[in-house]
Ligand SMILES: Nc1ncnc2c1ncn2[C@@H]1O[C@H](COP(=O)(O)OP(=O)(O)O)[C@@H](O)[C@H]1O
Ligand SMILES: [Mg+2]
């Protein structure tokens with residue numbers, strides 16, 4: 001099981017949108033996904049579960065806070081359909097440090113990785129996709145350390161750009177200090193306003209500084225993609241949906257190439 005984290009310590013740069021749309025795209029290619037929402041805002045949970053038969057009240061019974069409290073991810077899984085299962089977010093997740101204190105956990109940066117270990121061994125899923133909040137917290141360090149593969153997700157604006165090296169350093173320091181094995185799969189640029197000359201410069205700078213790491217596919221700002229957060233991922237796709245999702249489809253293909261995985265698992 002590959003554990004993917006779309007991360008950056010910055011809000012509004014497309015982390016949740018990328019994690020949900022890549023999860024949906026991978027599921028359409030036949031892969032089995034577990035999506036875990038570590039953000040107390042629960043945007044990823046709401047987005048991914050729209051158009052499913054699961055009622056939001058289900059998240060009160062099973063969620064990531066309970067999973068940590070009860071030390072069982074498995075017991076807190078909610079099945080959206082046969083390909084996508086989730087562990088819903090919880091507004092209580094910000095109490096992570098308190099829970100760690102109560103449980104007297106010393107190496108809390110490795111806690112989520114250990115918790116995921118059971119699922120990694122059981123091989124029920126091809127991918128586990130994690131969504132994180134933008135803060136630098138003990139929880140997010142633990143989420144970062146749980147990932148096997150990082151997709152650094154940045155918006156094309158200056159403030160996000162500045163956060164990219166800082167975020168990459170934080171991953172590398174986890175790799176070095178605590179011997180946490182992981183791979184930085186790539187940098188994904190989202191929310192590009194293709195008419196702005198400044199944004200083109202930002203892309204060029206990123207490509208210059210992180211040669212080879214930046215995904216070729218750049219996701220442009222599109223009103224239809226934004227509207228999916230209210231209407232849900234389209235079950236039946238019209239031409240306009242296929243056009244709107246084309247970049248996320250191409251990004252997913254690039255991710256699979258970098259992972260050296262076959263694009264369509266069905267029939268393999
Ligand atoms: N490619 C896109 N086109 C239009 N709107 C987008 C796009 N990607 C994200 N958004 C919108 O931008 C806002 C921030 O995106 P989000 O994925 O929630 O970022 P983050 O999780 O990093 O805070 C949301 O309102 C989302 O719907
Ligand atoms: Mg988010």
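The values are calculated or read from the model by the stated rules, or taken from the named source; none is laboratory data. Everything quoted here is computed from the prediction, not taken from an experiment. Using ideal geometry, Cβ is built from the backbone for each residue, glycine included, and neighbour counts are taken over all protein chains shown.
With respect to the conditions (1) outside any loop (DSSP other than H, G, I, E, B); (2) more than 16 Å from ligand 2 (Cβ to nearest atom); (3) under 30 Å from residue 74 (Cβ atoms); (4) touching a helix residue (DSSP H, G or I) at 6+ places or on another chain (Cβ under 9 Å), residue 144 falls short on a single one, namely (2). The set of residues in segment 113-136 that are within 16 Å of ligand 1 (Cβ to nearest atom) and either in a loop (DSSP other than H, G, I, E, B) or at pLDDT below 90 (or both) comprises 132, 133, 134, 135, 136. Looking across segment 18-38 at every residue that is out of contact with any helix residue (DSSP H, G or I) (no Cβ under 7 Å at 6 or more places or on another chain) and within 16 Å of ligand 1 (Cβ to nearest atom), the one that is nearest to residue 96 (Cα to Cα) is identified as 18.
Per the conditions (1) in contact with a helix residue (DSSP H, G or I) (Cβ under 6 Å, 6 or more places away or on another chain); (2) surrounded by fewer than 17 Cβ atoms within 10 Å (Cβ to Cβ); (3) closer than 17 Å to residue 2 by Cα, the sole criterion not satisfied by residue 183 is (1).
Looking at segment 215-234, which of its residues are part of a strand (DSSP E or B) and either within 16 Å of ligand 2 (Cβ to nearest atom) or under 20 Å from residue 26 (Cβ atoms) (or both)?
Going through segment 215-234, the residues part of a strand (DSSP E or B) turn out to be 215-220.
Scanning segment 215-234 gives 215, 216, 217, 218, 219.
Only a single item in (1) within 16 Å of ligand 1 (Cβ to nearest atom); (2) touching a strand residue (DSSP E or B) at 6+ places or on another chain (Cβ under 6 Å); (3) without any contact (Cβ under 8 Å) to a residue 40 or more places away in the chain is not met by residue 76, and it is number (1).
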